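One structure is given here, and the rest of the page talks about it.
The values are calculated or read from the model by the stated rules, or taken from the named source; none is laboratory data. Keep in mind the model is a prediction, meaning the values are calculated, not measured. Cβ placement follows ideal geometry from the backbone for every residue including glycine, while neighbour counts extend to all protein chains displayed. Each accessible area value is taken on the protein alone, full model and side chains, heavy atoms only, with ligands, DNA and RNA left out. Shrake-Rupley method; radii C 1.70, N 1.55, O 1.52, S 1.80 Å.
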Amino acid sequence: MTLAGQAAERVRGWLYDGTIERDAFYSVPQMADLLGMSRSPVREGLLSLAGAGLIEFVPNRGFRAVRPSGHDIAEIFALRLALEPLGAARAAALPASADVRNPTATLALETMRTAAAKGDSARFASADQRLHAAILEAVGNARMTALIADLRDATRLLGASTAGRSRSLSEILDEHEPFVAAIAAGDGARAAMSMRRHLIATGRLLVQQAFDDGDDEAWAAWDRLVDEDE
C-alpha cells in the first residue's frame, strides 16, 4: 500500500472510532505530524477520503468529518437496494465451485457468528463488511464493489451500527443467514429478496436512531427515494 493509502486508512479509522471529532476542524500539517509522514502523501490520502464523501475541506479552516443527513441515508440505501440484491442474485447463479458458493468463502459469516456469541461488535462489523464485499466481488464488478464500500463508509460516520442500540448482533446475524443460504443453494430470487429485506431494515433503523426517531424531512426523503414494496 502507498503512503497515501496508509494515511487514508489511518484517518478512516480515526473517523470511525471518534478520534476525529465531529464538527472539529483539522489541518493537513496536523495530520502529517500525527501520522509521522510528510504532507504530500497525507494530503493525497485526505483528498481520497474527501472524494469518498467522508470528509470535506473548508477554505482557511482545514477539513472535518461529514455527517450524513437523513436525505443522504435515503440516497445511500436507494443505491444499495438497486445494486446489492442484484449482486446477490448473480452470485447465486455462479457455478457451485465459485468462492462465494464454496464453504471456505463462508468464513466471514462464521466470524460473524463467533463475534455475535462473544458480543464482539467491532469484529462483527468487520466481518459483516467482508461478507457483503465478497458477494459483490464474486460477480466480478470491481466498480460496484468499490461504490458499495464507499456508501457503507459514509453511514459508518453516524457511529453507524444499529448493533446494541436498536437490534442485537444476533438479530443482525439472523438477517444475513437467509441470503447467504440462498446464494449457496443457487436460489437467486430468494437471495435478492433476503438481501433487500436486510437493507431496508438497516436503512430504516439508521434513520430512526440517527435523527431522533427520524424527523419528518428524513422520512420524507426515505419515502421518495426508497421503494419498500417487494
Given the criterion modelled with pLDDT of 85 or more, over 17 Å from Arg196 (Cα atoms), surrounded by fewer than 16 Cβ atoms within 10 Å (Cβ to Cβ) and within 13 Å of the chain's Cα centre (by Cα), identify the matching residue among Ala146, Ala117. Ala146
Kindly indicate whether Arg224 is open to solvent by 50 Å² or more (accessible area, probe 1.4 Å) and either outside any helix (DSSP H, G or I) or free of Cβ contacts under 8 Å to residues at least 40 places away in the same chain (or both). no
When Pro68 is evaluated against the numbered criteria (1) in a loop (DSSP other than H, G, I, E, B); (2) more than 20 Å from the chain's Cα centre (by Cα), which criterion, by number, is the only one it fails? (2)
Scan region 9-31 and tell me whether some residue there is among the aromatic types (Phe, Trp, Tyr), in contact (Cβ under 8 Å) with a residue 60 or more places away in the chain and touching a Lys or Arg at 6+ places or on another chain (Cβ under 8 Å). yes
Yes or no: region 47-63 includes at least one residue that is of a type outside the set (Val, Ile, Thr), open to solvent by less than 30 Å² (accessible area, probe 1.4 Å) and in a helix (DSSP H, G or I). yes
Yes or no: Gly140 of a type in the set (Gly, Ala, Ser) and crowded, with 16+ Cβ neighbours inside 10 Å? no
With Ala218, Ala182 as the choices, which residue is surrounded by 17 or more Cβ atoms within 10 Å (Cβ to Cβ), of a type outside the set (S, T, N, Q) and either under 27 Å from Val66 (Cα atoms) or at pLDDT below 85 (or both)? Ala218
